[in-house]
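Please read the structure below before turning to the comments.
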Amino acid sequence: MDDLPAFATCPPDTRAVDFGHALVLISYRTGRVQALQAPAAAQWNATSHTGSLDAIDPAVARPLLTLGLLTPTQGPTPWPPALHASAAQASWGSTEHPAGVNRPPRAPLARTLAAAAALTVAFAATRHGRTGIRHAITLLSASTARTVRPATPEQATRAVNAVRRAGWYSPGRTACLEESVAGVLLLGSRRLSVRWCHGIAPDPIRLHAWVQTMDGADVAEPSSTRAYTPVLTIGDRHHQPR
């Protein structure tokens with residue numbers, strides 16, 4: 001216990017989401033994700049009010065300090081409470097999920113080539129291991145800062161579908177992070193703004209990135225995306241990090 005600092009705080013680039021049965025910490029600097037079960041979550045919440053490590057078991061505090069999800073401080077430095085989110089409802093095995101891969105709709109060649117260029121930039125930003133998310137956030141912030149007007153739902157949908165079309169032919173992994181970043185970049189090249197979202201869903205705990213119009217409508221997303229609680233959004237006044 002003697003090697004523990006007396007005080008610590010949660011870094012500003014770390015988010016906490018409390019689902020009741022578990023609290024999930026996400027570092028947007030290191031890419032670390034850590035889930036705390038209810039007893040440890042209660043200790044983390046208690047510590048957030050005081051900044052004193054007296055309220056947390058050393059066996060819980062040490063890994064959080066090692067992972068950079070808590071950082072030592074010279075004195076009490078409380079931090080904002082966790083974002084409360086609804087836990088997933090029990091499906092008892094009755095929830096159906098689509099399976100298989102569908103070919104994206106066709107897009108004009110010029111738009112597909114522009115999307116491929118945006119996807120290449122997104123690949124370059126996210127190919128940095130755990131810190132890829134930090135590079136992506138820097139890129140997204142720069143792109144959205146140049147926009148002058150909101151994209152319409154039709155413009156946003158065409159851009160996302162063009163990126164998916166380009167990704168269909170890409171030899172590299174094209175998942176939600178690369179797709180969503182490229183979609184924002186493609187629209188940003190026309191100075192059109194959308195909202196980039198990164199969120200989390202429980203049971204099982206999983207992460208997802210997607211695009212919304214500025215009025216909050218999901219772009220070319222299935223209804224299952226509504227299960228995700230947005231944790232970080234870029235592109236409007238909700239832009240965090242704090």
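The values are calculated or read from the model by the stated rules, or taken from the named source; none is laboratory data. Predicted model, so just to flag it, every value in this text is computed and none were measured. In this analysis, Cβ positions are derived from the backbone assuming ideal geometry, glycine residues included, and neighbour counts consider all displayed protein chains.
A count restricted to the range 1-34 and to residues that are surrounded by fewer than 18 Cβ atoms within 10 Å (Cβ to Cβ) and aliphatic (A, V, I, L, M) stands at 5.
Go through the residues of the range 218-226 one by one and say whether even a single one is free of Cβ contacts under 8 Å to residues at least 24 places away in the same chain and in contact with a helix residue (DSSP H, G or I) (Cβ under 6 Å, 6 or more places away or on another chain). Yes, the conditions are met somewhere in the range 218-226. Only a single item in (1) touching a strand residue (DSSP E or B) at 6+ places or on another chain (Cβ under 8 Å); (2) under 30 Å from Thr174 (Cα atoms); (3) at pLDDT 85 or above; (4) surrounded by fewer than 17 Cβ atoms within 10 Å (Cβ to Cβ) is not met by Pro108, and it is number (1). Look at (1) crowded, with 16+ Cβ neighbours inside 10 Å; (2) on the phi > 0 side of the Ramachandran plot and you find that Thr233 fails only one, number (2).
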